Amino acid sequence: MTTDNRFSTATLLAHAGRDPDRHHGIVNPPVYHCSTVLFPTVDHLLETRRDRASGAYEGFTYGREGTPTTRALEDAVVALEGGYRAVTASCGLGAISAALMAFLKTGDHLLMVDSVYGPARYFAENVLVKFGVTVEFFDPLVADSIATLFRPETRVVYLESPCSLTFEVMDVPAIAAACRSRGIVTIMDNTWASPIGFKPLAHGVNVSIHAATKYISGHSDLMLGLAICDEEHFIPVKQTASAAGYCGGPDDIYMALRGLRTLGLRMARHQASALTVARWLQARPEVERVLYPALESDPGHALWKRDFLGASGLFGVVLNPCSAIALAAMLDHMALFKLGYSWGGFESLAVPTYPSTLRSARPWAGTGPTLRLHVGIEDPADLIMDLEDSFARLARAEAA
Ligand SMILES: *Cc1c(COP(=O)(O)O)cnc(C)c1O
């Protein structure tokens, strides 16, 4: 479909990235299983070589560079979030590392939000550092005062909002504006909100990252990453992802595109149920604090309301202090909230988190144990029943 900006998100979700006229009228694009692409003449072959060298990747040349299935998914997310083109990677972390490597070289300074997704922090501290990049973490609550941290060699500012595990909301427009005036590239992990809940490029960010593994695919059955880029920053990210050998599998790309069709319905449900569960938790004596910007009482609520179009089903819970045994008793036998990393699928998940071990610029102030809950599409009354049972187990273990 040619992107038509008269259409709203709900309509784009049903139509973007599809062109039935090109596929015998068939509603969905086909899955191209591909390594080799054949060229009719030497002239055609040489033409794609020239295109590759200049970064004008319009045709299809080899499986690693993507197929029409890949383009369909990329076009769909660009229609939803704006931007010029998207780059597909084999997983979310691949999209993150490709975007960082695209703009950083030896001697450069990277500013990364302190509460970033753990494996992205690991990549910066252990891989980028090895190649001579200086990595500095910053307080997620800075706004335009980020400029005080800029050095002549600052090349990239990396954001994630709300932050992994602790859910602080960042002032993305203020930070992006400060970076823009200094020619610093901004990369933001937008996985939490999905393309429904936040549009980073509309707030001045250059590259928006999604672990499509999470909400975009929505069914806990594939790994995929996307980097949505503005025009100036597309070619470096595309070339780096290609040079590093990142590409998505054809069936995973197809399933992500299929998942995307219901993203709007799922996000509305995740948000509504998460709010119900979060409000119930707030009233519980076992709970010190719920970390969810969609709650009016959350310190990030005003910023979230100003900039975001929606929330997701993922939030943090700070419990009042209890023993490790009691916490395990609470989480070990949940009927619905199963223990697992990841989130964004249709099902509910829980995981104990340890945010203080992943911070350096702004220490985590929480005292009790923290959890991360993903509220799936189940009936929220059943999820509350499951949590009620879990608190009963916690109380029994504390009393024993
Ligand atoms: C899961 C996740 C990633 C990484 O995605 P993978 O597909 O698992 O590599 C990146 N950012 C956030 C916020 C995530 O939750």
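The values are calculated or read from the model by the stated rules, or taken from the named source; none is laboratory data. Keep in mind the model is a prediction, meaning the values are calculated, not measured. Here the Cβ positions follow ideal geometry from the backbone for every residue, glycine too, while neighbour counts run over all protein chains shown. Keep in mind that these areas ignore ligands, DNA and RNA; they rest on the heavy atoms of the full protein, side chains included. Shrake-Rupley method; radii C 1.70, N 1.55, O 1.52, S 1.80 Å.
For region 145-161: of the residues being among the hydrophobic types (A, V, I, L, M, F, W, C) and not in a helix (DSSP H, G or I), which is most open to solvent (accessible area, probe 1.4 Å)?
Per the criteria, the residue is Phe150.
Matching residues to (1) closer than 24 Å to Lys214 by Cα; (2) under 28 Å from the mean Cα position of the chain (by Cα):
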site: Gly345; (1), (2): yes, yes
site: Ser348; (1), (2): yes, yes
site: Val351; (1), (2): yes, yes
site: Leu358; (1), (2): yes, yes
site: Ala361; (1), (2): no, yes
site: Gly376; (1), (2): yes, yes
site: Pro380; (1), (2): yes, yes
site: Asp386; (1), (2): yes, yes
site: Arg396; (1), (2): no, no
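In region 94-117, is there at least one residue being within 16 Å of the ligand (Cβ to nearest atom), assigned to a loop (DSSP other than H, G, I, E, B), among the charged types (D, E, K, R) and touching a helix residue (DSSP H, G or I) at 6+ places or on another chain (Cβ under 9 Å)?
yes
Given (1) buried (at least 22 other Cβ atoms within 10 Å of the Cβ); (2) away from the ligand (no atom under 16 Å from the Cβ); (3) not in a strand (DSSP E or B), where does Trp343 come up short, assuming only one miss?
(2)
Look through Ser194, Ser164 and report the one residue that is touching a Lys or Arg at 6+ places or on another chain (Cβ under 9 Å) and open to solvent by 10 Å² or more (accessible area, probe 1.4 Å).
Matching residue, one of Ser194, Ser164: Ser164.
I'd like to verify a number: residues in region 82-93 that are surrounded by fewer than 24 Cβ atoms within 10 Å (Cβ to Cβ) and more than 14 Å from the ligand (Cβ to nearest atom), how many?
Going through region 82-93 one residue at a time, the tally reaches 3.
Name the single residue, out of those in region 169-183 being open to solvent by 10 Å² or more (accessible area, probe 1.4 Å) and out of contact with any Asp or Glu (no Cβ under 9 Å at 6 or more places or on another chain), that is nearest to the ligand (Cβ to nearest atom).
Arg180
It is to be established whether one or more residues within region 42-50 are in a helix (DSSP H, G or I), over 25 Å from the mean Cα position of the chain (by Cα) and buried (at least 19 other Cβ atoms within 10 Å of the Cβ).
Checked region 42-50: at least one residue is in a helix (DSSP H, G or I), over 25 Å from the mean Cα position of the chain (by Cα) and buried (at least 19 other Cβ atoms within 10 Å of the Cβ).
Working only within region 23-41, note down all residues that are surrounded by 11 or more Cβ atoms within 10 Å (Cβ to Cβ) and out of contact with any helix residue (DSSP H, G or I) (no Cβ under 8 Å at 6 or more places or on another chain).
Across region 23-41, the qualifying residue is only His23.
How many residues, within region 61-81, are of a type in the set (Lys, Arg) and open to solvent by less than 20 Å² (accessible area, probe 1.4 Å)?
Total satisfying the criteria: 0.
Against the definition (within 16 Å of the ligand (Cβ to nearest atom) and open to solvent by less than 30 Å² (accessible area, probe 1.4 Å)), how does Val142 come out, yes or no?
Here the answer is no, as Val142 does not meet what is asked.
What number of residues in region 118-134 are surrounded by fewer than 19 Cβ atoms within 10 Å (Cβ to Cβ) and more than 14 Å from the ligand (Cβ to nearest atom)? Don't jump to the end; show me each part of the working.
The first filter runs over region 118-134 and keeps only residues surrounded by fewer than 19 Cβ atoms within 10 Å (Cβ to Cβ), leaving 118-119, 122, 125-127, 129-132, 134.
Next cut, more than 14 Å from the ligand (Cβ to nearest atom) only: 125-127, 129-132, 134.
Summing the residues that are surrounded by fewer than 19 Cβ atoms within 10 Å (Cβ to Cβ) and more than 14 Å from the ligand (Cβ to nearest atom) in region 118-134 gives 8.
Provide a single number: the residues in region 356-371 that are of a type in the set (Lys, Arg) and either farther than 18 Å from Phe138 by Cβ or open to solvent by 80 Å² or more (accessible area, probe 1.4 Å) (or both).
Going through region 356-371 one residue at a time, the tally reaches 1.
When region 202-231 is examined, which residues are found to be away from the ligand (no atom under 16 Å from the Cβ), touching a strand residue (DSSP E or B) at 6+ places or on another chain (Cβ under 9 Å) and in contact (Cβ under 8 Å) with a residue 40 or more places away in the chain? Break it down into steps so the answer makes sense when it comes.
Pass one, region 202-231, residues away from the ligand (no atom under 16 Å from the Cβ): 202-204, 206, 229-231.
Filter once more, keeping what is touching a strand residue (DSSP E or B) at 6+ places or on another chain (Cβ under 9 Å): 203-204, 206, 229-231.
Listed by number, the residues that qualify are His203, Cys229, Asp230, Glu231.
Inside region 315-330, can you point out the residues that are open to solvent by 10 Å² or more (accessible area, probe 1.4 Å) and not hydroxyl-bearing (Ser, Thr, Tyr)?
Correct list: Asn320, Pro321, Cys322, Ala324, Ile325, Leu327, Ala328, Ala329.
Can you confirm whether Trp304 is touching a residue at least 12 places away in the same chain (Cβ under 8 Å), out of contact with any Leu (no Cβ under 8 Å at 6 or more places or on another chain) and of a type in the set (Phe, Trp, Tyr)?
So Trp304 passes the test.
If I filter region 379-398 for residues that are assigned to a loop (DSSP other than H, G, I, E, B) and surrounded by 13 or more Cβ atoms within 10 Å (Cβ to Cβ), do I get at least one hit?
no
Within region 198-220, can you find the residues that are closer than 19 Å to Gln271 by Cα and more than 11 Å from the chain's Cα centre (by Cα)?
Of everything in region 198-220, those that are closer than 19 Å to Gln271 by Cα and more than 11 Å from the chain's Cα centre (by Cα) turn out to be Lys199, Ser217, Gly218, His219, Ser220.
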